[in-house]
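All remarks here apply to the structure that follows.
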Amino acid sequence: MDEVPNGETPTTSKNKNFGIAFSSPMLTPKANVEFSKELKQVLHERNVLTTRTKKRVFDVLDEIEVNSKNEGRARKRENAIFEIIVSEKSYVHQLSLIIDFFMKPAKEKKLLSFEDYEILFGNIQTIYSVNEALLKELYKGSVNVAKAFLHIAPYFKMYSSYALGFKKTLDFLQKARQRNPEFYNFMEKQETRPEVQNKLSALLIAPIQRVPRYKLLLQQLHELTSPSEPDYQSISDSLFKVEEAAKHINKVVEDQENMQRLLEVQRCIKNNQPSIITPGRVLLKEGTLLQFDGKVGPSEKFYVILLNDIILFCKMKSNTLKPNSLKCKKIFPLNKCVVIENAEKGCFQIHCEGEDFILYDRVLSVTKDWVKATNDAIDNCIEKRKTLRKESSSRKPVKRREFNEYNDIGLSPGIPLKRRRQTIEEDIKTDRHFLSPRRSYKNYNLNLKKNPAECVPPVSTTTLAEVKLDDGTLYHSTPRTDLFVFGRENANTSFTFKLTNMISNLSSSIFNIFKSRKD
C-alpha cells in the first residue's frame with residue numbers, strides 16, 4: 001500500500017504537476033460489490049429469511065451497489081478533468097515549440113519572405129495567447145474547468161483563419177526543399193534537437209485537431225456529471241459554445257473549398273459563358289450523366305452541374321475536365337423544376353416549363369443519388385426563395401442561343417434586357433437640344449463652294465420648341481446650329497425609310513435562323 005504524505009488525508013490525492021487537489025473518497029472494494037450481488041442472489045433463491053428481514057438485507061445490499069456506482073462515476077469524472085488539463089498543457093507546449101524553435105529563429109535569420117512566413121505559420125502566435133490564457137484558468141482548480149471554457153470558447157472561432165490556410169501550409173512544406181533549401185536544412189536541424197524531437201508538420205497540424213478534441217473531452221465530462229451537481233449547467237453551456245465554434249470552423253472551410261471548386265468549374269466552361277460565380281451560390285453536385293432519348297444509337301454524354309438555384313447541362317469536348325472543355329447547352333432554374341424518377345428504366349426526368357431532360361448513369365446507385373440531391377436542392381431553393389422579391393422568381397429554362405438576350409444569365413435567367421428611354425425632363429437636365437431640320441446633302445455641297453457661311457442654318461425664333469413639364473413649367477428649346485442631319489428636304493421619305501427597315505429586319509431574321517441551326 002502506498003504511503004500517505006504528511007498533511008494529507010487518505011481521502012485526498014494531489015497532483016504535483018498542476019497543484020490541483022482532487023478529492024478521492026474511500027471507495028467500496030470491487031470484491032465487496034461482487035460479494036453483495038452474489039449474497040443477494042443466494043438469499044433470493046433459497047428464501048431462508050422472512051419477508052421483512054429479506055427486505056432490510058436487500059436494501060442494504062442495493063445501497064452498497066448504488067454507492068459503488070456513484071463512487072466509480074466520481075472517480076471517472078476526476079480522471080476526465082485531469083485529462084483535459086494534461087492535454088491542454090501538452091498542446092500549449094507544442095505551440096511554444098513552434099514559436100521558440102521555428103518562428104523566431106526563421107524571422108531573425110530572414111530565412112523566409114513575408115508571404116511565405118504568413119503561409120507557413122499563420123496566426124499561431126494569437127492561438128498560443130488564447131490557449132495560454134485557457135491553461136491559466138484551468139490551473140485554478142477542477143471546479144473552474146467549465147467556467148474557463150465558457151469564457152474562452154468564443155475565441156476558438158479564430159481557428160477558422162488558420163484552417164483556411166492549412167492546405168497551403170502543407171503544400172509549402174512538401175515543396176520546401178526545392179523552393180527554399182536554406183530553410184529546409186534549418187527545419188531538419190531544429191526537428192532533431194532534444195527539446196523538440198518532433199516534425200514541424202506534426203506540430204502544425206495540432207491546432208487543426210484541437211477544437212474537435214475539446215468537444216470530445218467536454219462531452220465525456222458532461223456524461224459523467226450529475227444534473228444535481230452545481231457545475232452541471234456550466235458544463236452544458238461550455239459544451240454548446242465549443243460545438244458552435246467547431247461548426248463555424250467547418251462551415252468556413254467548406255465554403256472556401258466550395259468556392260475554389262466553383263472557380264475551377266467556371267474555367268472549364270467555354271468562354272466563361274454563362275458566368276456561375278455569384279454571391280451566395282453553392283456547388284452541390286457535379287458529374288457525368290447520359291441522356292436517354294429512346295434511340296437505338298449511343299446516348300449522349302452530358303456534364304451536369306447542380307447549384308443551389310440552377311442546374312446546367314453541358315456537353316463535354318474531352319473525357320477529362322480542363323479549361324474550355326464544357327459547352328453549356330441548357331440552364332434550368334430549380335424553382336421551376338420537377339424531378340420524375342423512372343425506377344423500371346433506371347433513369348430520371350427533369351421537367352422545367354415545357355423543357356425536359358432524361359438522364360441516367362450506368363450505376364443505379366449513382367442515379368438514385370442524383371435524384372435525391374436534385375430533389376433536396378429544389379426543396380431548399382423553393383423554401384429560401386419565399387423571402388425574395390417577386391420579380392426574381394420570373395425565371396424560365398434558357399437555351400444556348402438565348403444567353404445574350406438576358407441580363408446576367410448566371411444570376412437570373414429569364415429577365416429580358418430592357419432599354420430605358422430618357423424622359424423629356426431628363427433631356428432638359430442633361431442639356432440636350434433638338435436637332436435642326438434635315439438638309440439636302442447635294443445642296444450643302446453646292447452652297448459650301450459658293451458661300452460656306454450659309455451652310456449653317458440660322459437660328460430663328462419661329463423654330464422654338466415649347467415643352468410643358470409635369471409641374472407646369474414651360475420650357476423653350478432652340479435647334480442647335482452645329483448639329484443637323486443630311487437628307488432629302490421633302491417629306492416623302494417615310495416609304496423609303498420603312499422599306500429600308502423592312503429589308504434590314506428580314507436579313508437579321510434569316511441570319512438568326514441559320515445561327516440557331518448551327519448552335
Protection-proxy order for peptides 307-313, 346-352, each taking the mean of Cβ atoms within 10 Å per residue, highest first: 307-313, 346-352
Would you mind telling me the share, in percent, of accessible area of region 173-294 contributed by carbon and sulfur at probe 1.4 angstrom? 49 percent
Alpha carbon centre of region 298-329 versus region 181-256: separation in Å? 41 Å
Compactness summary of region 282-384: radius of gyration and Dmax from Cα atoms, Å, are 13.2, 42
Accessible area per residue of region 186-277 at 1.4 Å probe, in Å²? 55 Å²
Using a probe of 1.4 angstrom, how much of the accessible area of region 81-123 is carbon and sulfur, in percent? 57 percent
Long-range amide H partners of residue 284, meaning residues 5 or more apart or on another chain whose placed amide H is closer than 5 Å, are 306, 307, 308
Listed here are the pairs 215/251; 315/345; 89/247; 136/251; 285/384; 285/368; which of them are more than 21 Å apart at the Cα? 315/345; 89/247; 136/251
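For region 169-255, what does the alpha-carbon gyration tensor say about shape, rounded, prolate or oblate, given a ≥ b ≥ c as the root eigenvalues, a/c under 1.5 as rounded, and a/b over b/c as prolate?
oblate
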Let me check I've understood the local charge: for residue 262, count other residues with C-beta under 11 angstrom from its C-beta, Lys and Arg +1, Asp and Glu -1. What total comes out? -1
Descending accessible area (1.4 Å probe), largest on the left, turns 278, 320 into 320, 278
Determine, for each peptide in 328-337, 174-183, 77-86, the mean count of other beta carbons within 10 angstrom over its residues, then list the peptides with the highest first. 328-337, 77-86, 174-183
Given the whole protein assembly as supplied and a 1.4 Å probe, what does the accessible area of residue 171 come to in Å², nearest 10? 60 Å²
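The values are calculated or read from the model by the stated rules, or taken from the named source; none is laboratory data. What you are looking at is a predicted structure, and each value in this text was computed from that prediction instead of being measured. Methodologically, a virtual Cβ is constructed for each residue, glycine included, from the backbone with ideal geometry; neighbour enumeration extends over all protein chains shown. The protein model used for the area step is the full one, side chains on, heavy atoms only, and it has no ligands, DNA or RNA in it. Shrake-Rupley method; radii C 1.70, N 1.55, O 1.52, S 1.80 Å.
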